[in-house]
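Report on one structure; see the data block that follows.
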């Protein structure tokens, strides 16, 4: 997650960069299941909250959770829980895997969008352009890659 956060593309009209974090969330939840995936994200968030530079752009600190990206982090926790619950290391067809990962993406972006509107006090139309629309093409690529990788090796923990 830390490395995925550093693979970032800043966008000039929004404080939220494009990163690979959501792809890691999808794969982690699919491979590890609900509990382990959520624990992993909570550890990551805890390290960030304590000020360790693990967030995008090597940032850290509790302010990140009250700033523009806070809703996405909450959405990642919820998405990991639900995706891990429904997929969690079990084999699934590619269409089912993509549908479940798309649902997880919808959760992440809904939480990010709501955070912009409710806590950042950005008008809804503006929030759509800052927190959702620019990320959809890249998200489609990330979830397609994650689904393909998962289908190629459903459960790396099974051999242990």
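Coordinate-derived values only; no laboratory data. Predicted, not measured: the structure shown is a model, and the values here were computed from it. In this analysis, Cβ positions are derived from the backbone assuming ideal geometry, glycine residues included, and neighbour counts consider all displayed protein chains.
Some notes on this structure:
- Segment 108-129 and segment 52-70 have Cα centres lying 18 Å from one another.
- To the nearest ten degrees, helix 34-49 and the longest principal axis of the Cα atoms of the chain are 30 degrees apart.
- Rounded to the nearest 10 degrees, the angle from helix 21-32 to the longest Cα principal axis of the chain is 30 degrees.
- Label corresponding to mean projected area of the Cα convex hull in nm² when calculated from the structure given, among (i) 9.6; (ii) 11.9; (iii) 8.8: (iii)
- Within the chain, helix-based [θ] at 222 nm, where runs of 4 or more DSSP H residues each add -39,500 (n - 2.57), nearest 500: -20500 deg cm²/dmol
- Label point distance in nm, residue 42-residue 145, each placed 7 Å from Cα along Cα→Cβ: 2.9
- Residue separation of residue 85 and residue 110 scaled by 0.36 nm, minus their Cα-Cα distance, works out to 7.1 nm of gained length.
- Relative contact order for the chain: 27 percent, from Cα pairs under 8 Å spaced at least 6 residues apart, divided by residue count.
- Modelled spin labels at residue 35 and residue 2, positioned 7 Å past Cα toward Cβ, are 2.5 nm from each other.
- Spin-label pair residue 11/residue 124, simplified geometry with 7 Å Cα→Cβ offset, distance in nm: 1.9
- Cα gyration tensor, segment 1-68 - rounded (a/c under 1.5), prolate or oblate: oblate
- Relative to the dominant Cα principal axis of the chain, helix 94-118 is inclined by about 20°.
- Förster radius 45 Å - calculated FRET efficiency between residue 96 and residue 50, Cβ distance, rounded to 0.05: 0.75
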